[in-house]
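No value in this document is a laboratory result; all are computed from the given coordinates. Just so you know, these numbers come straight off a predicted model, no measurement behind them. Note that each Cβ is placed from the backbone with ideal geometry, even for glycine, and that neighbours are counted across all protein chains shown.
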Amino acid sequence: MKKSELLNSEISYIISKMGHTDMIVIGDCGLPIPETIKRIDIALKRGLPNFLDTLQTVLDELVVEEVTIANEMQKENQQIYQEISKTFQNIKINSIPHEDFKKLTHHCVACIRTGEASPYANIILKSGVIF
């Protein structure tokens, strides 16, 4: 059995295949997911699992050098924005319009769909390296 917190085999597999600068999305239950990327749907019901728990679990496995969020999050979802700001104090946070965010998802290796049901609770994580 795995030693780390992450038990979802699909997420673990995708992370293990990611190289430097590959990107993965963690999204709320409303984020449109392009047909061209892998969908990892872990949504159970509205609110479960939530965005922040999913993000923290992924961060236990993935080296991140940069993140991207939607501009709208700062105003429309201050709680999640504040948590992201704290979590990524030493990592570059890009903020772009939500429409551009959705276009950028087409360049990701996968999207993890959570049960989060709050506005703009989406993030793109760009993989870093451990050396």
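Quick notes on this one:
- Only one residue of PRO32, PRO97, LEU6 has its Cα farthest out toward the positive end of the dipole of the chain, where Lys and Arg carry +1 and Asp and Glu -1 on Cβ, and that residue is LEU6.
- Cα-based Kirkwood hydrodynamic radius, the chain, one decimal, Å: 14.6
- GLN79-GLU5 FRET efficiency (beta carbon distance; Förster radius 22 Å; 0.05 resolution): 0.45
- Ascending count of other beta-carbon atoms within 10 Å, so fewest first, for THR68, THR114: THR68, THR114
- Close lysine pairs were tallied over the chain: pairs 8 or more places apart or on different chains with Cα atoms under 22 Å apart number 17.
- Beta bridges per DSSP with both ends in the chain, % antiparallel, nearest 5: 40
- Put a plus charge on the Cβ of each Lys and Arg, a minus charge on the Cβ of each Asp and Glu, and nothing anywhere else: the dipole of segment 1-121 about its Cα centre is then about 180 debye.
- Between the C-alpha center of segment 35-58 and that of segment 116-131 there is a gap of 11 Å.
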